[in-house]
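Everything on this sheet refers to the single structure shown next.
The values are calculated or read from the model by the stated rules, or taken from the named source; none is laboratory data. Keep in mind the model is a prediction, meaning the values are calculated, not measured. Because the Cβ atoms are built from the backbone with ideal geometry, glycine has one as well, and the counts that use them run over all protein chains shown.
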Amino acid sequence: MNAPITAAAAPQSAPARDLSAFWMPFTDNRYFKAHPRLLASADGMYYRTPEGRAVLDATSGLWCVNAGHNRRPIVEAIQRQAAVMDFAPTFQLGHPLPFELAERLSRLLPAGMDRIFFTNSGSESADTALKMALAYHRARGEPGRLRLIGRQRGYHGTNFGGTSVGGIGGNRRGFAAQVWGVDHLGHTHGAAPAFSRGVTAVNTDLAGELEDLVALHGPETIAAVMVEPVAGSTGVLVPPAGYLQRLREITRKHGILLIFDEVITGFGRLGAATGAEFFGVTPDILTLAKGLTNGAAPMGAVAASRAVHDAIVEGAPPGIEFFHGYTYSGHPLSSAAGLACLQLYADEGLFGRAAALAPLWEAAAHSLADARHVIDVRNLGLVAGIELEPRPGAPGARAMDAFRRCFDDGLLIRVTGDIIALSPPLIVEEAQIHEMFGRLGQILKDVE
Ligand SMILES: Cc1ncc(COP(=O)(O)O)c(C=O)c1O
C-alpha cells in the first residue's frame, strides 16, 4: 500500500475555469456544469477534491481500480516506459511488452484461452469479440452464421456492435441504426427473491430461452451469444445457479460461440481471476479491460480459445489473417501498466483477498435491508447492488440524489437507474466496508 494520502499532496483550491468545452460522457452536462463535482488526486482507497476533501472510493473509480489508486509499481512502470519508448506500432512490427503481457495474462485465464488480442477499452473488446465470432464461422465455411444474441439489460460498451447486442433501451433508442440480426435473451433480474445472498437456486430455466431463439432463427444463422457473467452496469444482476452452465450446454450443442464480457467481472471482482473461473464455465471468447491496468492506462483485451484463433489464423491464406486492430493495440505504456498491475495482483494476493472479504461484505451490504427506500440488496464477491424504490414519476432521481449527497459527504458510490452499485478496490479494509454501508444507510435517511 502507498503511504496514506496527505492534504498537502492535493491542490488546496479549485481554479475557477470554464467547463463548457469538455462534452462529458454519460453525464447530465447541463446539471454538472452548473454544479461541478471535481476530483484532483487519488491514493489507495481515497480520492481528493481540489479543495483537499477526502472521498472514500466505493466504486473503484468506474469498476477499474481494483488494486487501489496510484499504486507505485504501476505508476513507476508507466514512467519508466514513457522514457524508454513512447509508442511503437504493432501492425507488422512488434515490441516485447504486449507479447509478455499476453503470455502473463493467459496464465490467469481458463486453460486454452491463450490467444490474446489487445484493444483500448471494454467497448473495443466487445466489438472485437463479435467480429472474431463472425470471422470464425466464415473461416470454417459457415458464413451464414451472422446473428448475434445478447441479453436484455446487458451492457457491452458503446460502439456499434456492443450497443446493439447490449440490452439497454436508453443506449440504443437514440441511434436508430443498429447492427443487423441481433436478438436478445431475457434478463435475470427478479429471478431470485429480493434480498437474496450470492447465487441463488431458482426453479426456472431462464437460459433455456436460448433454445427458443435457436428454434426461431435456426442454429445455422447464429454466430454467438454474448453475456456478462454478472451484469454490472445495469445494477448487479447475479445469474441464478446453473444459468451460465446451461448457456454453455446449449451454445455447444448448436455450434454457437459463447462470449463472456468480463470487463467488470475480470481481475478479482468476484474473488477469482475471472467470472469464468468463479462459475466454472469456459467460454470461447472472453473480453477484458478496466482492471487489466488498474485503470491507470487505457487498455482492453480479448482472449480467444485455440479453436477460435486457429480457425481464423491457421486456416487463412498467406497474408493478414484478421483485418482488424487499433493503432494503440499493445501500446507500450498500457502494456507496461498491465504487466506491473498483474504482478501487483499476484504479489498482494488480491483476488484471494476479495474472496476472503466476500462474506463480511455480504453481511455489511444486507445490513441495509431495513434502510429507508431499500427494496432489494444483492451481492457477489466484492459487488453489491442496493435497489431503491423509485420516486413516483421520476425514475432514477432518488438514487441520483443519494449519489450527490454521498459525494458531498465524502463517499463515492455509483448509481444506475435507482440501483446503487458498490464495487470497492480489493484492498478495502474491513473498517472501510462498515463505513461505506453505515454512511450510505445514514444518508438514505435524508433522501426523499
Ligand atoms: C461489461 C462491460 N462491457 C463493456 C464495457 C465498456 O467498457 P469501456 O467503457 O472501457 O468501453 C463496460 C463498461 O463499464 C462493461 O461494464
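Determine whether the stretch 183-198 contains at least one residue that is under 19 Å from the mean Cα position of the chain (by Cα), within 15 Å of the ligand (Cβ to nearest atom) and crowded, with 16+ Cβ neighbours inside 10 Å.
Within the stretch 183-198, one or more residues are under 19 Å from the mean Cα position of the chain (by Cα), within 15 Å of the ligand (Cβ to nearest atom) and crowded, with 16+ Cβ neighbours inside 10 Å.
Here is a check on your reading of the model: is R145 of a type outside the set (S, T, Y) and in a loop (DSSP other than H, G, I, E, B)? Outline the logic, then answer.
Numbers: of a type outside the set (S, T, Y): yes; in a loop (DSSP other than H, G, I, E, B): yes.
Yes; evaluated as a whole, the condition is true for this residue.
Answer with yes or no whether G300 is outside the structural domain of I427 (by TED's automatic domain parsing) and within 23 Å of N159 (Cα to Cα).
Taking the combined requirement at face value, the residue satisfies it.
Please list, ordered by first then second residue, the pairs with beta carbon atoms under 6 Å, 6 or more apart or interchain, first in the stretch 147-162 and aliphatic (A, V, I, L, M), second near the ligand (Cβ under 8 Å from one of its atoms).
Cβ pairs passing all conditions: none.
For the stretch 152-178, which positions are in contact with a Leu (Cβ under 7 Å, 6 or more places away or on another chain) and over 18 Å from L244 (Cβ atoms)?
Listed by number, the list holds a single entry, G161.
Please indicate, with yes or no, whether at least one residue in the stretch 298-305 is over 21 Å from G232 (Cβ atoms) and either more than 14 Å from the ligand (Cβ to nearest atom) or within 18 Å of the chain's Cα centre (by Cα) (or both).
Scanning the stretch 298-305 turns up at least one residue that is over 21 Å from G232 (Cβ atoms) and either more than 14 Å from the ligand (Cβ to nearest atom) or within 18 Å of the chain's Cα centre (by Cα) (or both).
Results for (1) within 22 Å of the chain's Cα centre (by Cα); (2) assigned by TED's automatic domain parsing to the domain that holds G268, shown as yes or no for each residue.
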site: G52; (1), (2): no, no
site: L56; (1), (2): yes, no
site: G61; (1), (2): yes, no
site: A82; (1), (2): no, yes
site: F87; (1), (2): no, yes
site: P96; (1), (2): no, yes
site: R107; (1), (2): yes, yes
site: F117; (1), (2): yes, yes
site: N120; (1), (2): yes, yes
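Can you confirm whether A135 is more than 16 Å from the ligand (Cβ to nearest atom), touching a helix residue (DSSP H, G or I) at 6+ places or on another chain (Cβ under 6 Å) and either assigned by TED's automatic domain parsing to the domain that holds G325 or part of a helix (DSSP H, G or I) (or both)? Outline the logic, then answer.
Details: more than 16 Å from the ligand (Cβ to nearest atom): yes; touching a helix residue (DSSP H, G or I) at 6+ places or on another chain (Cβ under 6 Å): yes; either assigned by TED's automatic domain parsing to the domain that holds G325 or part of a helix (DSSP H, G or I) (or both): yes.
Yes.
How do the pairs read when you match residues in the stretch 118-141 that are surrounded by fewer than 24 Cβ atoms within 10 Å (Cβ to Cβ) with residues anywhere that are in a helix (DSSP H, G or I), using Cβ under 8 Å and keeping only pairs 6 or more apart or on different chains?
Sorted first by the residue in the stretch 118-141, then by its partner, the pairs are N120/S334; S123/G162; K131/G161; A135/I312; A139/A311; A139/I312; R140/A311.
Conditions first: (1) under 17 Å from F260 (Cα atoms); (2) more than 25 Å from the chain's Cα centre (by Cα). L216 passes all but one, so which condition is the exception?
L216 satisfies all of (1) under 17 Å from F260 (Cα atoms); (2) more than 25 Å from the chain's Cα centre (by Cα) except (1).
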